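Participant: Got a structure for you, questions after.
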């Protein structure tokens with residue numbers, strides 16, 4: 001009976017140690033605060049990329065011609081952004097309609113304050 005009690009106590013101690021020893025990992029999130037024109041977070045965007053940036057309407061026409069596009073810079077007015085993590089944004093097109101952009105696999109985030 002004593003052995004069973006000792007084994008049960010050891011089991012519960014080891015189980016609780018393993019259960020509570022895991023670290024809580026904080027996932028990255030965009031910075032808080034007010035965004036100003038010209039501010040950037042993370043790596044700086046080069047002038048060459050800014051000069052090659054296309055409008056949302058041009059992106060839609062390119063998507064009609066291709067199945068997949070990579071390494072594209074799109075410029076536009078952000079009208080909405082995910083307020084939890086910044087994992088999606090809505091851009092305003094030139095004709096006034098909206099264009100939804102979701103960041104694949106939470107690869108990067110947008111600052112909450114970029115919407116107008």
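Participant: Mind running the shape call on the stretch 51-116? Use the C-alpha gyration tensor, a ≥ b ≥ c as the square roots of the eigenvalues: rounded below 1.5 for a/c, prolate if a/b tops b/c, oblate otherwise.
Facilitator: oblate
Participant: Of the peptides 89-96, 61-68, how do they stack up when ordered by the mean number of other Cβ atoms within 10 Å, highest first? Can you show the working numbers first?
Facilitator: On the way: 89-96: 13.8, 61-68: 8.2.
In descending order of packing, they fall as 89-96, 61-68.
Participant: Once fully extended, how much extra length lies between residue 12 and residue 55, figured as 0.36 nm per residue of separation less the alpha-carbon to alpha-carbon distance? Don't skip to the answer; put the middle values down first.
Facilitator: Numbers: separation 43, 0.36 × 43 = 15.48 nm, distance 6.08 nm.
So the extension gain works out to 9.4 nm.
Quick note: the coordinates plus some simple rules give every number you see, no bench work behind them. Keep in mind that what you see is a predicted model, and the values were worked out from it rather than measured. Every residue, glycine among them, receives a Cβ derived from its backbone with ideal geometry; neighbour counts consider all protein chains shown.
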